[in-house]
Amino acid sequence: MIEQQNKLIDALYDKSTISQNKKHSEIIERTLDFKIVVIVDFENYQGIPTDVLDKEYVYYLFCGSVTTKSAQKYKSMLEEYDITIVETKNVGTNFVDNRISMYIGYIFGKYNPKQIILVSNDIDYYEMMMDLKAHGYPIILREPSLTSKELLRRQTDYLFRKPLIKSTPNKTEPEKDEMNQIMKKLIKLNNGNNIIGISRMKGYLKSNMKLSRREVEKTVNTIKSQCELIEKKGTEEFYKLKG
């Protein structure tokens, strides 16, 4: 009986290897040396925080069957960025989390990345993160939905070996509050009209709001990902801002 089970497992593994080899190589077989790699737990947080949005970075959005469509839509909004979607089709507890951990180990084992940034609010990554840091691997955990107070409490609990409690994510995230305020200012500068072209938007952000070139690009890309594209005239795009 055990021998038959082993043969069945081997057969399933061989079939999976043959059908998946090409797909896996397309996902991860690339040069990641000296790159900043951002891995997003898209099951936990659907987005890339603006402070880690950079055209020089390499992004992997790890998602399950439920979040794949939203990840594809999100990627299409940021088409100028190097984003790859890694889908976990099978459904199960921590399937995506386990795959993320496996890929992080794979990247560190095969390449020499400048840094890996893991975007997730999940406390289950803490032990892995601390272990990798203790061995000198350049990795940080970006927890976008936590307030600074919650983040400090979580880190303190971990250091003093207290049980980690999952926090309820904020209904209104600080980044969204900030972006809402920026959009309200843009609408006001545009004489109350919430449909604004990208070139005019950049002008307002640079001249009136005194943002740097880098900040302007990040803000515009965030607006593109959150707002509806209303019209396109030549190379000019017009978006309907919220607020």
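Do we have Asp14 as under 26 Å from Val216 (Cα atoms), modelled with pLDDT under 85 and outside any loop (DSSP other than H, G, I, E, B) here?
no
Scanning for something among the charged types (D, E, K, R), part of a loop (DSSP other than H, G, I, E, B) and over 29 Å from Val216 (Cα atoms), does segment 117-134 turn up at least one residue? Yes, segment 117-134 has at least one match.
From the list Gln155, Gln72, the one residue that fits, being surrounded by fewer than 17 Cβ atoms within 10 Å (Cβ to Cβ), modelled with pLDDT of 85 or more, in a helix (DSSP H, G or I) and in the same structural domain as Lys55 (by TED's automatic domain parsing), is Gln72. If you take the residues of segment 75-90 that are assigned to a strand (DSSP E or B) and within 13 Å of the chain's Cα centre (by Cα), which of them is surrounded by the fewest Cβ atoms within 10 Å (Cβ to Cβ)? That would be Thr84.
Could you tell me whether segment 35-54 includes any residue that is exposed (fewer than 10 other Cβ atoms within 10 Å of the Cβ) and at pLDDT below 85? Checked segment 35-54: no residue is exposed (fewer than 10 other Cβ atoms within 10 Å of the Cβ) and at pLDDT below 85.
For segment 209-243, enumerate the residues that are among the acidic types (Asp, Glu) and either buried (at least 16 other Cβ atoms within 10 Å of the Cβ) or assigned to a strand (DSSP E or B) (or both). Of everything in segment 209-243, those that are among the acidic types (Asp, Glu) and either buried (at least 16 other Cβ atoms within 10 Å of the Cβ) or assigned to a strand (DSSP E or B) (or both) turn out to be Glu217, Glu228, Glu231, Glu236, Glu237. Does segment 220-235 contain any residue that is within 24 Å of Ile83 (Cα to Cα), of a type in the set (Gly, Ala, Ser) and not assigned by TED's automatic domain parsing to the domain that holds Gly47? Within segment 220-235, one or more residues are within 24 Å of Ile83 (Cα to Cα), of a type in the set (Gly, Ala, Ser) and not assigned by TED's automatic domain parsing to the domain that holds Gly47. You will find that of Lys206, Lys188, Lys166, the residue that is farther than 13 Å from Lys242 by Cβ, within 27 Å of the chain's Cα centre (by Cα) and modelled with pLDDT of 80 or more is Lys206 and no other. Scan segment 23-30 and tell me whether some residue there is more than 26 Å from Tyr137 (Cα to Cα) and either surrounded by fewer than 19 Cβ atoms within 10 Å (Cβ to Cβ) or modelled with pLDDT of 60 or more (or both). Scanning segment 23-30 turns up at least one residue that is more than 26 Å from Tyr137 (Cα to Cα) and either surrounded by fewer than 19 Cβ atoms within 10 Å (Cβ to Cβ) or modelled with pLDDT of 60 or more (or both).
The values are calculated or read from the model by the stated rules, or taken from the named source; none is laboratory data. Since the structure is predicted, the reported quantities are computational estimates derived from the model, not experimental observations. So basically every Cβ, Gly included, is an ideal-geometry build from the backbone, and we count neighbours across all protein chains shown.
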